[in-house]
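Here the structure is laid out as structure tokens; the discussion comes afterwards.
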Amino acid sequence: MTNLEPRPQERLCAAGTATVDVELIEPRDVPLGGPRAMTVRRTLPSRQRSLIGPFCFADHYGPDDIAVSGGMDVAPHPHIGLQTVTWLFEGEVLHRDALGSLQTIAPGQLNLMTAGRGICHSEEGTLRRFPHQRRLHGIQLWTALPDADRDGPPAFEHVPELPELVVDGARVRVFMGTLGGVTSPARAYSPMVAAQLDLPAGAVVHLPVDPAFEHGVLVDVGDLRVAGRPVGPAWLAYLAPGADALVLEAGETPVRAVLLGGAPFGEQVLMWWNLVGRSHEEIVEARAQWQAALAGEADGLGRFGAVTGYDGPPLPAPELPHLRLKPRGR
């Protein structure tokens, strides 16, 4: 997925320390573009917090009637310095990338793209692509790659089956990292965790977690209390490191949520548009190379490649701000 904000702001992201047990992050609506734009609810990055572990981006969408919204149709766009983590609750999405990957993802499966030094991709979840599809519902996460790995080669992997466990009656599917003694086969570059949590109505779950990790709990459906604090649908609850278990309490209806987190990311990263770098100069260079790729120039194509088979032109980069991209506080 892409960040289609017309004037994306640079963000210097760094690990922080929460001053309360549970910090609530309110979602904001962001259109993905076009006259029938699909709207997502974004909680990372936010004014309060830019990172939870290595996770630097969280979009939550649906359930959308794609006959009304048009579904997801994101033209080829570039990434550097991150991994895209795609997880669905309903519907299907087709991924294409410059490596030649062509992969449909369905609920319970994982699509993981490692941008490394640079790649471009597209995503389609529309009636034209999937005539049988009626609803689309899921999340997209990004993780910031550590400095030692962020200039490596791009890669893509599809994981059709993920490990799971049952904790106090809750079904837990681990799609990134390790939780409760089970580990996702997907490649992770930092200590992290991401898992879907399905709680029966009225359940009280003591979820074992790594006390060295900070965590976020993103509620999809249902009323959930996290460490005693109510968290509504689409909101993200943040918890600082220190606890070896999270207490989750479902209300009168079943709850679905996503746990994400990891060791506090020890590096500062500058995010602008779809690019995760370290400096103003690096972002400017990557943007220029993407624009060169759109013009068919070897410099840009050598870094990002090209997506084949998508019906439409790639997305041009937004204009850079007139001021130098500078670090921002949390």
Any residue that is among the polar types (S, T, N, Q), within 18 Å of VAL74 (Cβ to Cβ) and either touching a residue at least 24 places away in the same chain (Cβ under 8 Å) or in contact with a Leu (Cβ under 7 Å, 6 or more places away or on another chain) (or both) - is there at least one of those in the range 308-322?
yes
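Only one of VAL231, VAL159, VAL204 is in contact with a strand residue (DSSP E or B) (Cβ under 8 Å, 6 or more places away or on another chain), closer than 26 Å to ALA106 by Cβ and β-branched (Val, Ile, Thr); which? Break it down stepwise before answering.
On the way: VAL231 fails: closer than 26 Å to ALA106 by Cβ; VAL204 fails: closer than 26 Å to ALA106 by Cβ.
None of the other options fit; the residue is VAL159.
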Elements of type strands (runs of 3 or more DSSP E) contained in the range 238-330, each with 3 or more residues being within 21 Å of the chain's Cα centre (by Cα)
255-262, 269-272, 275-277
Subset of the range 298-310 [modelled with pLDDT of 95 or more and surrounded by fewer than 15 Cβ atoms within 10 Å (Cβ to Cβ)]:
GLY302, THR308, GLY309
From GLU90, GLU123, grab the single residue that is surrounded by fewer than 22 Cβ atoms within 10 Å (Cβ to Cβ) and acidic (Asp, Glu).
GLU90
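Considering only residues that are within 17 Å of the chain's Cα centre (by Cα) and not in a strand (DSSP E or B), look in the range 168-192 and name the one that is surrounded by the most Cβ atoms within 10 Å (Cβ to Cβ).
Taking the range 168-192 as the starting set, the residues that turn out to be within 17 Å of the chain's Cα centre (by Cα) are 173-177, 184, 186-192.
Subset that is not in a strand (DSSP E or B): 184, 186-191.
Numbers: SER184: 22, ALA186: 20, ARG187: 12, ALA188: 20, TYR189: 17, SER190: 19, PRO191: 17.
Across the range 168-192, the extreme among qualifying residues is SER184.
Can ALA195 be described as among the aliphatic types (A, V, I, L, M) and in a loop (DSSP other than H, G, I, E, B)? Talk me through it step by step, then tell me what you get.
Working: among the aliphatic types (A, V, I, L, M): yes; in a loop (DSSP other than H, G, I, E, B): no.
In short, no.
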Restricted to the range 36-65 and to residues being assigned to a loop (DSSP other than H, G, I, E, B) and of a type in the set (A, V, I, L, M, F, W, C), the residue farthest from LEU141 (Cα to Cα) is ALA37
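Any residue at all in the range 129-141 that is among the β-branched types (Val, Ile, Thr) and under 21 Å from PRO45 (Cβ atoms)?
The answer is yes, given that some residue of the range 129-141 is among the β-branched types (Val, Ile, Thr) and under 21 Å from PRO45 (Cβ atoms).
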Among (1) touching a residue at least 60 places away in the same chain (Cβ under 8 Å); (2) within 28 Å of GLY116 (Cβ to Cβ); (3) surrounded by fewer than 18 Cβ atoms within 10 Å (Cβ to Cβ), which single condition is LEU145 missing?
(3)
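Does PRO153 fit the bill of being touching a residue at least 60 places away in the same chain (Cβ under 8 Å) and in contact with a Ser or Thr (Cβ under 9 Å, 6 or more places away or on another chain)?
On the way: touching a residue at least 60 places away in the same chain (Cβ under 8 Å): no; in contact with a Ser or Thr (Cβ under 9 Å, 6 or more places away or on another chain): yes.
Answer is no for this residue.
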What do you reckon, is ASP73 in a strand (DSSP E or B), at pLDDT below 95 and farther than 24 Å from ALA195 by Cα?
yes
From (1) surrounded by fewer than 24 Cβ atoms within 10 Å (Cβ to Cβ); (2) out of contact with any Asp or Glu (no Cβ under 8 Å at 6 or more places or on another chain); (3) in a strand (DSSP E or B), pick out the condition that doesn't hold for VAL68.
(3)
Output the number of residues of the range 121-167 satisfying the condition of being assigned to a loop (DSSP other than H, G, I, E, B) and more than 15 Å from the chain's Cα centre (by Cα).
22
From the set of residues in the range 208-223 that are within 22 Å of the chain's Cα centre (by Cα) and assigned to a strand (DSSP E or B), which is farthest from VAL174 (Cα to Cα)?
VAL221
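Name every residue in the range 159-171 that is of a type in the set (Val, Ile, Thr) and touching a residue at least 40 places away in the same chain (Cβ under 8 Å), in order of residue number. Let's see the steps before the verdict.
Within the range 159-171, the subset of a type in the set (Val, Ile, Thr) is 159, 166-167.
Correct list: VAL159, VAL167.
The values are calculated or read from the model by the stated rules, or taken from the named source; none is laboratory data. Please read these numbers as outputs of a predicted model, since none were measured by experiment. Methodologically, a virtual Cβ is constructed for each residue, glycine included, from the backbone with ideal geometry; neighbour enumeration extends over all protein chains shown.
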